[in-house]
Amino acid sequence: MQQYQEMTKEELLQEKALLETEYDKIKALNLKLDMSRGKPSAEQLDLSMGILDAIDSNTALVSENGMDLRNYGVLDGIPEAKRLLAEMLGCHEDSVIVYGNSSLNVMYDQISRAMVLGICGNTPWCKLDKVKFLCPVPGYDRHFAITETFGIEMINIPLYEDGPDMDMVEQYVNNDPAVKGIWCVPKYANPTGTSYSDETVLRFARLKPAAPDFRIFWDNAYCVHHLYEDRQDVILNILAECEEAGNPDIVFEFCSTSKVTFPGAGIAALAASQNNIADIKKQLTIQTIGYDKTNQRRHAIYFKNFDGIKQHMMKQADLIRPKFEMLDELMTAEIKSRGIGNWVNPIGGYFICFESLEGCAKDIITKCKEAGVTMTGAGAPFPYGKDPKDNVIRIAPTYPSVEELRKAAEVFVVCVRLASVNKLLENM
């Protein structure tokens, strides 16, 4: 396949004419396809329907510690749910607080409390002249939306295949007391699909923050979201490594079953040091009397233990894997072969991070929308929605059926090719 960059102007003009004809035919089909958000498909959700039968009106809703789950109480989660999520995270259950269905809500609360009340007795962030947060990019748009909402200054940190640029992270964290945190998706990152190396995790654990209330927001959202049984990324346990390094308090770790069972009815957890847990529980006591204990019990009964979760996730992988493999095959044949795009082929997670030629992402997204394919907006994986190179696009393959995804991918390919030809002609 001829590389677009090697084409003459005449050849590019011929290619442009052919692609415009094809694009007009696609628009005439009036398609309505969605690759915008990382949602489970209906088939994935069907796998969890049995959880609704785990408890019923005949179930004795009593926790293993004797607590009547229908009543008030148990602020930090019932023991069996704490144990289940602690096993997911590889930590002790005493380090875990179990919440409602959304880990995003837990992260929002942590930022909000830091702003208004402070962390572990430190000055509330709202009383400081400047608060900064490090943001590995490309990253998760909803993380950035939280810090932007509270007026926190966000600083881009390049994200590589082994994790964030740790030289930059150390420079900021160890020297600037205004830097209060960093967003991290350490395993099968959103959107790149990459995982942090051992060295990266160790360097995080050994940070020497200038701010006593600096915290790593370790969003381990995809800790069990493997695509293959025989090929799985393994990352070091951040809580254990921070403890070993003498920094037990510098990390908040988050997880949930949002994409394990039902996103609207899962359970979430925060794991942290005993100092952090005590500080959070003191504040939670005022915020709530407790979260949904019957749903926590439902999850514990349904999965029984971490092995139950792993078996369940391999069933999900069987549904998701063909979508990722089909996309990779199609884009390799139609895009990479022409030298107009790159991506990392992930072995877990929910996304593919596509990098187009510089200056093309917005045009590609616009063309896809006009052709009936909805995608996450260009710039979304960056703070303030500003992609400095305008070349990163997050692809979310899980929600559509394989047939719908193939149609959407074929549209995407045409849009990438057309936008690339136009950019190359513009630069001649």
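The values are calculated or read from the model by the stated rules, or taken from the named source; none is laboratory data. The structure displayed is predicted, hence computed values, not measured ones. FYI the Cβ positions are ideal-geometry reconstructions off the backbone, even for glycines, and counts take in every protein chain you see. All accessible areas refer to the heavy atoms of the entire protein, side chains included, with ligands and DNA or RNA removed. Shrake-Rupley method; radii C 1.70, N 1.55, O 1.52, S 1.80 Å.
Please go through segment 383-428 and give me each residue that is of a type in the set (S, T, N, Q), more than 25 Å from K25 (Cα to Cα) and either modelled with pLDDT of 95 or more or open to solvent by less than 10 Å² (accessible area, probe 1.4 Å) (or both), ordered by number.
Answer for segment 383-428, where residues must be of a type in the set (S, T, N, Q), more than 25 Å from K25 (Cα to Cα) and either modelled with pLDDT of 95 or more or open to solvent by less than 10 Å² (accessible area, probe 1.4 Å) (or both): N391, T398.
For segment 1-58, the set of residues classified as of a type in the set (D, E, K, R) and under 30 Å from Y350 (Cβ atoms) consists of E22, K27, K32, D34, R37, K39, E43, D46, D53, listed by residue number. Going residue by residue through segment 294-308, is there one that turns out to be modelled with pLDDT of 95 or more, under 30 Å from E170 (Cα atoms) and either open to solvent by 40 Å² or more (accessible area, probe 1.4 Å) or of a type in the set (V, I, T) (or both)? No; the residues of segment 294-308 include none that is modelled with pLDDT of 95 or more, under 30 Å from E170 (Cα atoms) and either open to solvent by 40 Å² or more (accessible area, probe 1.4 Å) or of a type in the set (V, I, T) (or both).
Of everything in segment 362-372 that is in contact with a Lys or Arg (Cβ under 8 Å, 6 or more places away or on another chain) and on the phi < 0 side of the Ramachandran plot, the residue that is least open to solvent (accessible area, probe 1.4 Å) is A371. Taking the conditions (1) under 30 Å from L52 (Cβ atoms); (2) crowded, with 22+ Cβ neighbours inside 10 Å in turn, G290 satisfies each one other than (2).
Yes or no, residue by residue, for (1) in a strand (DSSP E or B); (2) farther than 25 Å from L117 by Cβ; (3) hydroxyl-bearing (S, T, Y):
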| site | (1), (2), (3) |
| --- | --- |
| D167 | no, yes, no |
| V173 | no, no, no |
| W183 | yes, no, no |
| P191 | no, yes, no |
| T194 | no, yes, yes |
| L202 | no, yes, no |
| A210 | no, no, no |
| C223 | no, yes, no |
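Restricted to segment 122-147, and to residues there that are polar (S, T, N, Q) and not in a helix (DSSP H, G or I), the residue that is farthest from F254 (Cα to Cα) is T123.
Within segment 244-285, which residues are outside any loop (DSSP other than H, G, I, E, B), of a type in the set (D, E, K, R) and under 17 Å from the mean Cα position of the chain (by Cα)?
Here is the first cut: in segment 244-285, the residues outside any loop (DSSP other than H, G, I, E, B) are 244, 251-256, 268-271, 274-285.
Restricting the remaining residues to those that are of a type in the set (D, E, K, R) gives 244, 253, 279, 281-282.
Passing the criteria: only E253.
How many of the residues making up segment 190-238 are in contact (Cβ under 8 Å) with a residue 60 or more places away in the chain, under 26 Å from M314 (Cα atoms) and among the hydrophobic types (A, V, I, L, M, F, W, C)? Residues that pass the stated criteria total 4. Restricting P40, P79 to those that are touching a Pro at 6+ places or on another chain (Cβ under 9 Å) and either open to solvent by 30 Å² or more (accessible area, probe 1.4 Å) or modelled with pLDDT of 95 or more (or both) reduces the list to P40.
Output the number of residues of segment 334-369 satisfying the condition of being of a type in the set (F, W, Y) and at pLDDT below 95. The number of residues fulfilling the criteria is 0. Would you be able to say whether some residue in segment 29-45 is in a helix (DSSP H, G or I), within 24 Å of E253 (Cβ to Cβ) and under 23 Å from the mean Cα position of the chain (by Cα)? Scanning segment 29-45 turns up no residue that is in a helix (DSSP H, G or I), within 24 Å of E253 (Cβ to Cβ) and under 23 Å from the mean Cα position of the chain (by Cα). If you go through segment 324-353 and pick out every residue that is part of a helix (DSSP H, G or I) and open to solvent by 10 Å² or more (accessible area, probe 1.4 Å), you end up with 11.
Applying the criterion of being assigned to a strand (DSSP E or B) and under 18 Å from the mean Cα position of the chain (by Cα) to the residues of segment 155-165, the residue that is surrounded by the fewest Cβ atoms within 10 Å (Cβ to Cβ) is P158.
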